[in-house]
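Q: This is the structure I have questions about; it appears just below.
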Amino acid sequence: SFMYVPMLQNYRSGMTLLVRTAGDPLTMLPQVRNEVRQMDANLALFDEKTLMEHAGIALFAQRLAVKLLSVFGMLALTLAVIGLYSVMIYGVMSYAVTQRTREIGIRMALGARAADVLKLIVKNGMGPVLLGVALGLAGAAGLTRLTASLLFGVTATDPMTFISVAVLLGAVALMACYIPARRATKVDPLVALRYE
């Protein structure tokens, strides 16, 4: 991060010092001012309010980019959740359960409990989801390094963000697998055995 520290040597000429910082520039302003004063006690600095205004202006583009990335990130997450849920319920899982109706009927006729059928369907549905979440996390960890310079207060690989997104997508996928699996447990074995 860079911070612009406006200085005033006299009322007619002014100059600005560009300081590279490791943390949030706004929280480091008092420290930078003190260090500049120690180097040159005769150097007059703008008051802190003006200094904060200049720092805010200097960081405007970065803040705007971060806000836009946050909005687009939340929009992408929302679309992923909606897509995952709808595709898995009305697409893949419902189709898979329909295709396996005869198999489920045979299992239940041979003594499989509803809990066993439920576990089987959910397990088969969650396998690809967990693989996808793992691959997505690995890809995200690599790509977030590109935005590391825009972030303040969090790292590019913030564990809490990664964990919450993975848990959210996993929970949505689990619900999407559970509903067709629950429907499969209500299959009448006699009807299922006649099903073609």
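Q: Roughly to the nearest percent, how much of the accessible area of segment 72-164 is carbon and sulfur, given a 1.4 Å probe?
A: Here it works out to 73 percent.
Q: Going by accessible area, probe 1.4 Å, with all protein chains left in place, what is the ranking of 183, 107, largest first?
A: 183, 107
Q: Can you tell me the FRET efficiency between residue 174 and residue 65 if r is taken as the Cβ-Cβ distance and R0 is 30 Å, rounded to the nearest 0.05?
A: So, using R0 = 30 Å, E works out to roughly 0.30.
Q: Continuing with this model, one more query. Rounded to the nearest 10 Å², what accessible area does residue 108 show when all protein chains are kept and the probe is 1.4 Å?
A: Its accessible surface works out to 40 Å², give or take rounding.
Q: If R0 is 25 Å, what FRET efficiency do you get for residue 53 and residue 147 from their C-beta distance, rounded to 0.05?
A: The pair residue 53/residue 147 has a calculated efficiency of 0.40.
Q: May I pose another question? Roughly how much of residue 77 is accessible, in Å² to the nearest 10, using a 1.4 Å probe?
A: 40
Q: Here is a follow-up. Would you check the accessible area of residue 60, probe 1.4 Å, heavy atoms only, in square angstrom rounded to 10?
A: Surface open to solvent at residue 60 totals about 130 Å².
Q: Still on this structure: Going by accessible area, probe 1.4 Å, with all protein chains left in place, what is the ranking of 74, 175, largest first?
A: 74, 175
The values are calculated or read from the model by the stated rules, or taken from the named source; none is laboratory data. Keep in mind it's a predicted model, so treat the numbers as computed, not measured. Don't worry about glycine lacking a Cβ; one is built from the backbone with ideal geometry, like all the others, and counts go over all protein chains shown. Ligands, DNA and RNA are stripped out before the accessible areas are found, and what is left, the full protein with its side chains, is counted by its heavy atoms. Shrake-Rupley method; radii C 1.70, N 1.55, O 1.52, S 1.80 Å.
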